[in-house]
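Let me begin by presenting the structure, written as structure tokens, before commenting on it.
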Amino acid sequence: GFVNVEGEKMSKSKGNFIPLKDLVEKHGADLVRINITASGQGIDDADWREDNIRSYKNRYENLVQGIHDLKDAKKTNVESIDLYLQSKMQRHIENATKDYEQLAFRDAVQAALFEALNDMKWYMRRVGDTKKVNKKIMKTYIETIVKLMTPITPHVCEELWTMLGGKGFIATEEWPVANATRESIESELGEELLKKTLADVEEVKNITKIQPQKITLFVAENWKFRVYNTVLKSKDKNVNDITKEIMSSGGYGKATVGYIQSLYKKIGELQPTLPRSIQLSLLNESKNFLEKETGCSIIIEDSEKTENAKAKTATPNKFGIFIE
């Protein structure tokens, strides 16, 4: 195929011909490698886009900064947010490895560099201070990113490996292997729930056009969790059959039927959710973080212990929100 420049075929007649030697002298070998390798996929032609260079360079600068931040890391105990980072890394290892095996280099870079660094930024945002970073877990996380990117940018990765204190050449290190645990997956669900909550709060603020001073978050009633999990396990059953099964067990009110019907309207989108007790613990543990992010006082309430109408809107995968 052809090599394109900014979406057009490179040719002397178009005046967009760029000698490879000039690119390497200007940007360095590895930025040229990644800009070409990740520009196309499959039978797509390579497409040189100058603006992408800055984006790639920023990502590697973030890795360098992350390595420097390790010097300040003091925490040794493992908390839920640390398990989240470990869990996300397993997914990136799995996805990047699969992409490499299929020669899908653009997707591999997306998983190993962009998505992995986005999760690292969230981790730093959650802990709030480099001193609260778990040094061992963060070091392993950065090492893994560097290993996954070595096939694309070998020279800079060798330099990062040395900065990390690695021995020998990273090119001869064993390839990372994914290994997720139940605890890690639960922590991942928890962090995604927090991200969704912050987005929901912003949406409510935009709709109401007010700047709240206090936000109350409600965790759904226990019966909703029982119904949700029953429906989730019985996706292949007819809505009428599952409704009869649930209602015949007793202990459910009229609202249950409507809730079951609402779940079946998006049955294909239902995913496992955190147990109710863990959601309550998650909110209490992240209360300071949520207050910092929203600039509001955060109140956490159990929907079973309040008459607030917003409590009734809470579901197992979405907190009820009341702002004032």
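Positive end of the charge dipole of the chain (Lys, Arg +1 and Asp, Glu -1 on Cβ, about the Cα centre): tell me which of Gly268, Ala108, His155 has its Cα farthest that way.
Farthest towards the positive pole: Gly268.
Please give the per residue volume of the convex hull enclosing the alpha carbon atoms of the range 134-202, rounded to a whole number of Å³. Show your work: numbers first, answer last.
Values: hull volume 9.4 nm³, N = 69.
Residue-normalised Cα hull volume stands at 136 Å³.
Too long at a 25 Å Cα-Cα cut-off: which of Lys195/Lys224; Lys132/Lys205; Lys214/Lys266; Lys205/Lys287? Intermediate results must be reported in sequence, preceding the final value.
Values: Lys195/Lys224 22 Å; Lys132/Lys205 31 Å; Lys214/Lys266 32 Å; Lys205/Lys287 19 Å.
Violating the 25 Å limit, Cα to Cα: Lys132/Lys205; Lys214/Lys266.
Express the relative contact order of the range 84-181 as a whole percentage, based on alpha carbon pairs under 8 Å and six or more residues apart in sequence.
Values: 82 pairs, mean separation 34.6, N = 98.
About 35 percent, as a whole number.
Taking the alpha-carbon centroid of each part, what is the distance from the range 84-147 to the range 227-279 in angstrom?
The distance from the Cα centre of the range 84-147 to that of the range 227-279 comes to 35 Å.
In the calculated pair distance distribution of the range 17-141, what percentage of Cα-Cα distances lie above 22 Å?
Values: 3489 of 7750 pairs.
So the portion of pairs separated by more than 22 Å is 45 percent.
Taking only protein heavy atoms into account and a 1.4 Å probe, give the accessible area per residue of the range 1-115 in Å². All intermediate terms of the calculation are to be shown ahead of the outcome.
Values: 6450 Å² over 115 residues.
On a per-residue basis, the range 1-115 sits at 56 Å².
Give, as a single signed number, the net charge of other residues whose beta carbon lies under 15 Å from the beta carbon of Val156, with Lys and Arg counted +1 and Asp and Glu -1.
Working: positive: Arg33, Lys57, Arg59, Lys147; negative: Asp30, Glu61, Glu143, Glu158, Glu159.
Charge balance near Val156 sits at -1.
What residue among Thr76, Pro176, Ser11 has its Cα farthest toward the positive end of the dipole of the chain, where the charges are +1 on Lys, Arg and -1 on Asp, Glu, each on the Cβ?
The Cα lying farthest towards the positive end belongs to Thr76.
Could you list log10 I(q)/I(0) for the range 1-80 at q = 0.11, 0.20, 0.22, 0.23 Å⁻¹, which the Debye formula gives when each Cα is one point scatterer?
Taking Cα atoms of the range 1-80 as identical point scatterers yields -0.43, -0.92, -1.05, -1.12.
Just to verify a number: what accessible area does Trp175 come out at with the full protein assembly present, 1.4 Å probe, Å² rounded to tens?
100
Accessible area per residue of the range 175-324 at 1.4 Å probe, in Å²? Display every interim value, and only then the final one.
Details: 8260 Å² over 150 residues.
On a per-residue basis, the range 175-324 sits at 55 Å².
Please list, in chain and number order, the residues 5+ apart from Phe169 or on another chain whose amide H is under 5 Å from its amide H, with Hs placed from the backbone.
Counting only residues 5 or more places away or on other chains, the set is empty.
What residue among Ile36, Ile207, Ile185 shows peak mean-square fluctuation when the chain is described by a Gaussian network model with Cα springs under 10 Å?
Ile207
If you roll a 1.4 Å probe over the chain with all protein chains in place, what percent of the accessible area is carbon or sulfur?
Details: 8920 of 17530 Å².
Roughly 51 percent of what the probe reaches on the chain is carbon or sulfur.
Could you check what % of the DSSP bridge pairs in the chain are antiparallel, to the nearest 5? All intermediate terms of the calculation are to be shown ahead of the outcome.
Details: 7 of 17 bridges.
Here the antiparallel bridges make up roughly 40 percent for the chain.
Sorted by mean Cβ packing within 10 Å, highest first, what order do the peptides 58-68, 219-229, 146-156 take?
Numbers: 58-68: 15.8, 219-229: 19.5, 146-156: 21.2.
For the peptides 58-68, 219-229, 146-156, the packing ranking is 146-156, 219-229, 58-68.
When the expected Rg is taken as 2.2 N^0.38 Å, what fraction or multiple of it is the alpha-carbon Rg of the range 92-209?
On the way: Rg = 17.0 Å, N = 118, 2.2 N^0.38 = 13.5 Å.
After normalising by residue count via 2.2 N^0.38 Å, the value is 1.26.
Match the structure shown to one of the listed values (i) -0.63, -0.79, -0.88, -1.09; (ii) -0.58, -0.80, -0.92, -1.16; (iii) -0.64, -0.87, -0.97, -1.12 of log10 I(q)/I(0) by the Debye sum over Cα atoms at q = 0.09, 0.11, 0.12, 0.14 Å⁻¹, computed from it, and give that label.
Correct label, based on the coordinates given: (iii).
Compare the peptides 191-204, 131-144 by average per-residue count of other Cβ atoms within 10 angstrom and give them in order, highest first. Let's see the in-between values first.
Working: 191-204: 15.9, 131-144: 18.9.
Final packing ranking: 131-144, 191-204.
Given Cα pairs under 8 Å that are at least 6 residues apart, what percent is the relative contact order of the chain? Before the final figure, lay out each step's value.
Numbers: 381 pairs, mean separation 57.4, N = 324.
In percent, rounded to a whole number, it is 18.
The values are calculated or read from the model by the stated rules, or taken from the named source; none is laboratory data. Quick caveat, the model's predicted, so the values are computed rather than measured. Reconstructed Cβ throughout: ideal geometry from the backbone, glycine too, with neighbour counts over all protein chains shown. These accessible areas exclude ligands, DNA and RNA; they are computed on the full protein's heavy atoms, side chains included. Shrake-Rupley method; radii C 1.70, N 1.55, O 1.52, S 1.80 Å.
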